[in-house]
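Notes to accompany the following structure.
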Amino acid sequence: MNKYIYMDNAATTQLNTEVFEEMKKYLLEYHGNPSSIYSLGRQSKQALDEARLQIGKMLHTSHKEIYFTSGGTESNNWGIQGVLRNNKKGKHLITSKIEHKSVLSTFEALETEGYDVTYLDVNQEGMIDLNQLENSIREDTVLVSIMLANNETGVIQDIKDISKLIKEKNKDIYFHTDAVQGAGKLELDVKALGVDLLSISAHKFHGPKGIGALYIKKGTDIENILFGGAQERGLRPGTENIASIMGMSKALTLAVESINSRVEKVKALEHYMIDQLKNRLEDIIFNGLTAKRLPGYINIAIKGVSNESLLMNLDIEKICVSSGSACTSGSIKQSHVIKAMGLDEAYAVLRFSLNEKNTKKEIDYVVEKLKLIINRLS
């Protein structure tokens, strides 16, 4: 192979050329500050308003409930911490052991401020136990945060049922979901999901890096965690990144409009790759295989080799995959997600995340090279 084979779309995706063209106009021509009153600024303000309307439409909600951020990490931090700023209802929080580090690290920080956090277990397929969740809810529970889909396994939680359970126990409990992996791969209807707060990030659906959004349900009592100007209706200061916001709006629109055809193609590639891995490799374990998953996510465990050696050898063959979340892949230790699912630490783990541009020829090449590498390292 003369070019890289990219199978790490859960980490980030390639910028769509149509998105890039949309962004160029606001980088080079309509570059005014949307807070300025002259015409160039007003053009940017109009673009900002249009993007907010469009993203609201894609999430089946009002534009008044969409707030722009720097990405998924900020959205998660703000969504969780922001509703606790003026909280006087209690000190108990609930999340799961498989959340993204931007969520888990936030809860760990909140524990140092006196909050009591329950970390829910998952089964071998990576699903939380609704009975454990129900039994964990207390009179002083303020917030629950459960991710829509996992960034390492692609396993999808039943957010609708989780929301129903929470609200039936206590309608005043805030419910946040990290939907960063699901956006562009699943149709997101925030009203149907029943969430109060939802995070997305553009670079997961062929948009630019460094831009995201937080859905905040009307009536949610949330405060700033950043301070400065009056942008984003006084809740999120900082000059708006108009070019990236327009890029995110374009990328999400394209993703939603093509979702059925893309999902069909990616699922076909996923099934083909699973069959090839099963037929050509021995003694591998598929993590989360029988659970409902995002299209194109394949997570396998291999005994007797190290993550570091596998990834280095695959890179030599120009194959881009990961051992887990890009935020934790610098570590050669087993990820917290796979550990929570009960996998023995003697196994190395590889995550493949495909998109519609991958091919069966690439899959054949990757599986063959992986087989040779495993035989050489074992």
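The values are calculated or read from the model by the stated rules, or taken from the named source; none is laboratory data. Note that the coordinates shown come from a computational prediction; the quantities given were computed from them, not determined experimentally. For neighbour counting, all protein chains shown are included, and Cβ atoms are generated from backbone atoms with ideal geometry for every residue, glycine included.
Identify the residue in segment 29-53 that is aliphatic (A, V, I, L, M) and surrounded by fewer than 18 Cβ atoms within 10 Å (Cβ to Cβ) and, among all such residues, is nearest to LYS250 (Cα to Cα). Top of the filtered list is LEU53. Among the residues of segment 160-167, not a single one is in the same structural domain as THR69 (by TED's automatic domain parsing), out of contact with any Leu (no Cβ under 6 Å at 6 or more places or on another chain), small (Gly, Ala, Ser) and assigned to a loop (DSSP other than H, G, I, E, B).
From the list VAL305, VAL337, which one is within 23 Å of the chain's Cα centre (by Cα) and assigned by TED's automatic domain parsing to the domain that holds THR359?
Numbers: VAL305 fails: within 23 Å of the chain's Cα centre (by Cα).
It is VAL337.
The condition of being in contact with a helix residue (DSSP H, G or I) (Cβ under 8 Å, 6 or more places away or on another chain) and of a type in the set (Ser, Thr, Tyr) holds for only one of SER75, SER102, SER39, that being SER102.
Can you tell me which residue among THR118, THR153 is in contact with a helix residue (DSSP H, G or I) (Cβ under 8 Å, 6 or more places away or on another chain), surrounded by 20 or more Cβ atoms within 10 Å (Cβ to Cβ) and polar (S, T, N, Q)? Steps first, answer last, please.
Working: THR118 fails: surrounded by 20 or more Cβ atoms within 10 Å (Cβ to Cβ).
The conditions single out THR153.
It is to be established whether one or more residues within segment 311-323 are within 28 Å of SER102 (Cβ to Cβ) and assigned to a loop (DSSP other than H, G, I, E, B).
Pass one, segment 311-323, residues within 28 Å of SER102 (Cβ to Cβ): 311-312, 314-315, 319-323.
In the following step, the residues that additionally are assigned to a loop (DSSP other than H, G, I, E, B) were identified as 321, 323.
Checking segment 311-323: at least one residue is within 28 Å of SER102 (Cβ to Cβ) and assigned to a loop (DSSP other than H, G, I, E, B).
For ASP172, the criteria (1) crowded, with 21+ Cβ neighbours inside 10 Å; (2) in contact with a strand residue (DSSP E or B) (Cβ under 9 Å, 6 or more places away or on another chain); (3) farther than 19 Å from VAL103 by Cβ hold in every case but one, which is (1).
Checking each residue in segment 269-292 for being touching a strand residue (DSSP E or B) at 6+ places or on another chain (Cβ under 9 Å), part of a helix (DSSP H, G or I) and either free of Cβ contacts under 8 Å to residues at least 60 places away in the same chain or among the charged types (D, E, K, R) (or both) picks out GLU270, ILE274, LYS278. Total residues in segment 217-232 satisfying the condition of being at positive phi and of a type in the set (Val, Ile, Thr): the figure is 0.
Looking at GLY56, is it crowded, with 18+ Cβ neighbours inside 10 Å, free of Cβ contacts under 8 Å to residues at least 60 places away in the same chain and part of a helix (DSSP H, G or I)? Lay out the reasoning, then the answer.
Details: crowded, with 18+ Cβ neighbours inside 10 Å: yes; free of Cβ contacts under 8 Å to residues at least 60 places away in the same chain: yes; part of a helix (DSSP H, G or I): yes.
Spelling it out, GLY56 is indeed crowded, with 18+ Cβ neighbours inside 10 Å, free of Cβ contacts under 8 Å to residues at least 60 places away in the same chain and part of a helix (DSSP H, G or I).
The condition of being over 23 Å from PHE352 (Cα atoms), out of contact with any strand residue (DSSP E or B) (no Cβ under 7 Å at 6 or more places or on another chain) and in a helix (DSSP H, G or I) holds for only one of SER249, SER261, that being SER249. When we screen SER70, SER62 for residues that are at pLDDT 95 or above, assigned by TED's automatic domain parsing to the domain that holds THR153 and in contact with a helix residue (DSSP H, G or I) (Cβ under 6 Å, 6 or more places away or on another chain), the only hit is SER62. Write out, first by first residue and then by second, each pair whose Cβ atoms fall under 8 Å of each other, whose residues are 6+ apart or on separate chains, and whose first residue, in segment 16-31, is touching a residue at least 12 places away in the same chain (Cβ under 8 Å) while the second is part of a helix (DSSP H, G or I) and surrounded by fewer than 17 Cβ atoms within 10 Å (Cβ to Cβ). Hits for this filter: TYR30/LEU40; HIS31/LEU40.
Among the candidates VAL180, VAL266, VAL256, single out the residue that is touching a residue at least 40 places away in the same chain (Cβ under 8 Å), surrounded by 15 or more Cβ atoms within 10 Å (Cβ to Cβ) and within 23 Å of LEU84 (Cβ to Cβ). Give the steps one after another, and end with the answer.
On the way: VAL266 fails: within 23 Å of LEU84 (Cβ to Cβ); VAL256 fails: within 23 Å of LEU84 (Cβ to Cβ).
Only one candidate qualifies: VAL180.
For segment 121-135, what are the residues that are in a helix (DSSP H, G or I) and surrounded by fewer than 16 Cβ atoms within 10 Å (Cβ to Cβ)? Steps first, answer last, please.
As a first pass, look at segment 121-135 and keep what is in a helix (DSSP H, G or I): 130-135.
Those that are in a helix (DSSP H, G or I) and surrounded by fewer than 16 Cβ atoms within 10 Å (Cβ to Cβ): LEU130, ASN131, GLN132, GLU134, ASN135.
When restricted to residues that are closer than 12 Å to LEU197 by Cβ and in contact with a helix residue (DSSP H, G or I) (Cβ under 8 Å, 6 or more places away or on another chain), segment 219-232 contains 1. Condition test on TYR26, is it closer than 13 Å to MET248 by Cα and surrounded by 15 or more Cβ atoms within 10 Å (Cβ to Cβ)? Judged against the criteria, TYR26 is a match.
Among all residues of segment 237-251, there is at least one that is under 16 Å from GLY79 (Cα atoms) and in the same structural domain as LEU27 (by TED's automatic domain parsing).
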